[in-house]
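Taking it in order: structure first as C-alpha cells, then the write-up.
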Amino acid sequence: MKLDKVTTKKRRLRKKLFLGEFQQLGMRIHCQLSCRDLDLVEQLLNDLIDMMHEYKLLICVDAGTDELNALIWPGSSYSSISDTDKQLVLNWLEQRPEVNELNDLGTLDVHHDHF
C-alpha cells in the first residue's frame, strides 16, 4: 500500500493510517549538554518527563552526558504539536543549566517519518 496517494484513500483508512487530516506532527529537538555524570542526566530527564506529563505531551528521547535528542508530540489522538507547546518546551529547556546549546530541528510526521 502506498502512503503517498492520500487523496485516493477513504476517510476511514486515512484515520487508521494517520494520513491527511489525521496526520500527527511532532517537534524534534537537539541539545548539547554539560552533564558530568549520568545522575545529572537522569535528573534532567525526570524533570523533563514531569513537565511533559503536566502539559499532556509525549516524548521519545535519546540522551547521554553530552547530548539529548527528542521527539515531542501531543498526547491526544489526531492532533499536532502547537506553537504554544513548542515555545513552552524550548523555554523550559533554555532555562536548564545543563543545556548549553538548543536546536529546534522542526516538525515531522510522528507515524511515518524517521526520528
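The values are calculated or read from the model by the stated rules, or taken from the named source; none is laboratory data. Here the structure is a predicted model, which is why all the values come from computation and not from measurement. Here the Cβ is made from the backbone with ideal geometry for all residues, glycine too, and neighbour counts use every protein chain on show. Accessible surface areas use protein heavy atoms only, side chains included; no ligands, DNA or RNA. Shrake-Rupley method; radii C 1.70, N 1.55, O 1.52, S 1.80 Å.
At a glance:
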| read-out | value |
| --- | --- |
| Residue that is farthest from the chain's Cα centre (by Cα), among those in region 48-92 that are of a type in the set (Asp, Glu) and within 22 Å of residue 37 (Cβ to Cβ) | 66 |
| Enumeration of residues in region 24-36 that are at pLDDT 90 or above and either open to solvent by 70 Å² or more (accessible area, probe 1.4 Å) or farther than 15 Å from residue 109 by Cβ (or both) | 28, 29, 30, 31, 32, 33, 34 |
| Answer from 14, 28 - the residue that is of a type in the set (D, E, K, R) and touching a Phe, Trp or Tyr at 6+ places or on another chain (Cβ under 6 Å) | 14 |
| Unique match (being among the acidic types (Asp, Glu), surrounded by 12 or more Cβ atoms within 10 Å (Cβ to Cβ), closer than 22 Å to residue 17 by Cβ and in contact with a strand residue (DSSP E or B) (Cβ under 7 Å, 6 or more places away or on another chain)) among 113, 109 | 109 |
| Unmet requirement for residue 84, which otherwise passes all of (1) open to solvent by 70 Å² or more (accessible area, probe 1.4 Å); (2) at positive phi | (2) |
| Pick from region 37-78, criterion among the polar types (S, T, N, Q) and assigned to a helix (DSSP H, G or I), ranking: least open to solvent (accessible area, probe 1.4 Å) | 46 |
| Test set (1) modelled with pLDDT under 90; (2) assigned to a loop (DSSP other than H, G, I, E, B); (3) touching a Phe, Trp or Tyr at 6+ places or on another chain (Cβ under 6 Å) - residue 81 fails condition number | (1) |
| Condition met for residue 16 (more than 21 Å from residue 106 (Cα to Cα) and either touching a helix residue (DSSP H, G or I) at 6+ places or on another chain (Cβ under 6 Å) or surrounded by 17 or more Cβ atoms within 10 Å (Cβ to Cβ) (or both)) | no |
